[in-house]
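Structure record follows, encoded as structure tokens.
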Amino acid sequence: MRFRTLLLLLILGAVTAFSILNWGALNAPTTLSLGLAEVQAPLGMVMLGIVVVLTAFFLAFLVYVQASALFESRRHAQESAANRDLADKAEASRFTELRAFIDAELRKIGERDIGSPASDAALLARLDRLEQTLLTATEQSANGVAACIAELDDRLAGHSVLPREHEQARQ
């Protein structure tokens, strides 16, 4: 039990025990003033009646508040479940659209890769041109390197000849 419920039951038990122990004093008739008139009644019983009526009122109010909170939480749970289902359906729809889009794109890529014979021939012709250009560039580089090596060889041969001739001329 909750602390508040336990405290409420303890207070009600104390009032009940007090009423039982003082039953004679509670039933003693007294003159009570109602403002416009005076009445002969037991004051303890009137006060006990007021406590019982207030307790019943607060218990009814407590039941009303608990029931309305329960209905509200149930309504929120149903709305949450409906929103979750709606979000799941939307997500599934997005996945379906994405799958259809990817399938269409893959089909386009497949068709482009397979291609027509004309596009294959154009691709092969381009590869042949690139190969010829590469061979020409390689041949020109090789010729340039060979020319540079020949020039260096001539220079080296010219330098080595000169010192020998100078030596023979000295002798």
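Quick note: the coordinates plus some simple rules give every number you see, no bench work behind them. Predicted model, so just to flag it, every value in this text is computed and none were measured. All Cβ positions, glycine included, derive from the backbone under ideal geometry; neighbour counts span all protein chains shown.
Here are the numbers:
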quantity	calculated
Computed magnitude of the charge dipole of the chain (debye, nearest 20; Cβ of K, R +1, Cβ of D, E -1)	1320 debye
Rounded if a/c under 1.5, otherwise prolate or oblate - the chain, Cα gyration tensor axes	prolate
Among VAL51, ALA121, ALA81 - extreme Cα towards positive end, dipole of the stretch 1-128, charges at beta-carbon	VAL51
